[in-house]
1. Restricting the calculation to Cα positions, tell me the Rg (one decimal) and the Dmax (whole number) of region 196-350 in Å.
2. Show the residues, 5+ positions off or on another chain, whose built amide H is closer than 5 Å to the amide H of Ile141.
3. I need the calculated FRET efficiency for the pair Glu293 and Ser49, taking r as the beta carbon distance and R₀ as 56 Å, to the nearest 0.05.
4. Per-residue HN-Hα couplings for region 175-191, Karplus 6.51 cos²θ - 1.76 cosθ + 1.60 at θ = phi - 60°, whole Hz, x for Gly and Pro?
5. Give the Rg/Rh ratio for region 146-247, taking Rg as the radius of gyration of the Cα atoms and Rh as the Kirkwood radius, to two decimals.
6. Kindly provide the Kirkwood hydrodynamic radius of the chain in Å, to one decimal, from all pairs of distinct alpha carbon atoms.
7. Just to check I understand the Karplus step: with θ = phi - 60° and J = 6.51 cos²θ - 1.76 cosθ + 1.60, what whole-Hz values come out for region 140-147, glycine and proline as x?
8. What ranking of Cys34, Cys283 emerges when the number of other C-beta atoms within 10 Å of each C-beta is taken as an exposure proxy, fewest first?
Amino acid sequence: MKNVIILGSTGSIGTQTLQVIDKLEDYKVLAISCGKNIELVKKQIEKYSPKYVCTKDFEDAKILSEIYPKTKFFSKEEGLFELIKTQYDILVVATSGIVSVKTVLKAIENKKTIALANKETLVMAGDIVMKKAKEYNTPIIPIDSEHSAILQCINKVDNPYAKRLWITASGGPFLNNTREEMEKFSAKEALNHPRWNMGKKITVDCATLVNKGLEVIEAHHLYNFDYDRIKVVIHPESLVHSFVEFTDGSFLAQIGTPSMHIPIQYAITYPERKSGIKTDSFCPWGRQMNFFEPDFNKFPLLKLTIECGKTGGIMPAILNAANEIAVYKFLEGKINFLDIEKIIFKEIKSSKNIQNPTIEEIFEKDKEIRTRLSQI
Ligand code: MG
């Protein structure tokens, strides 16, 4: 029996992870953590009887502990630290934002598999996280479909014959729109992703292509590839989830229906390939697949995000914080779509880099940017 902890159990990846576990024998939900969706977490407690639950707020933990006396409740970041002291086998990190970054860093010391869906962990602190994971020999298995595809193609991380990583991007909902048209789009239109069903923040990141830039940064850390060996390719059909180019000219691609169940299942059953959940199988008849170069002029944030990755230091964390605040302002209807990039460009231009920042320096910077940008 494998005991699983799911951080962020009520979010998009969290709920899909539970659906995967429903269909897998020998996997048990040991602990979950959630934010503010208490109604859903109640249902999850009743269905999975986790031994431990951590809520964002102390009050929620207190109320829930009266309803479910058999479950042990924790709250806040200290609560997450308690969860990773338990006897677990797999830690699924499906939180959004920065809430779990320090928990992941601590969890590395347990040498248990970390199935990682959270982007901020590697974007903000990729150097620190991967160095520590290597030191403790802790497997970090990506859940994101692109990085999962690369893992499935590359076999092992230091494959000396892998020449380049090609990360596919659907291009988002505005792929065929002009910038003049993009200026006028509302949150509703940005949230209308053509292929994937995801959380709101990441769906807007797909529309700006920031998401793809962040994935390049993650791939750089996960697979130890220089940035000039990682390419982005627009593939509107989202059937090829990424591919690896080898030194002999061969390409290996991973192909499948766009469903997060597949990479989630692969991550938690790795290195096996179990299949409890049945995703609509991919049928090749009559399918068309197109691939073309991204338009960096139309999507300047893609270029900027990759450049921040190349610069390294604290720049990816700065970009990440500015982006998150700008995206939430857009979702609230306070700014228009192209204002997202104006805010981020301004922030990056006025920022000074710190090379080899400590985790405290990264968090300090993150907080400073969020506080300042929230006020405008
Ligand atoms: Mg992705």
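Just so it is clear, none of the values below were taken in a lab; they were calculated from the coordinates. Note that the structure is a prediction, hence the values are computed from the model and not measured. Methodologically, a virtual Cβ is constructed for each residue, glycine included, from the backbone with ideal geometry; neighbour enumeration extends over all protein chains shown.
1. For region 196-350, the Cα-based Rg and Dmax read 17.3, 52 Å.
2. Ile114, Ala115, Leu116
3. Approximately 0.65, to the nearest 0.05.
4. Per-residue couplings from phi come out as 3, 9, 9, 7, 5, 4, 5, 4, 3, 8, 6, 8, 4, 4, 6, 5, 7 Hz.
5. Checking Rg against Rh, the ratio lands at 1.03.
6. 21.2
7. For region 140-147, the Karplus-derived couplings read 10, 9, x, 9, 3, 4, 5, 6 Hz, x marking Gly and Pro.
8. Ordered from fewest to most neighbouring Cβ atoms within 10 Å, Cys34, Cys283 come out as Cys283, Cys34.
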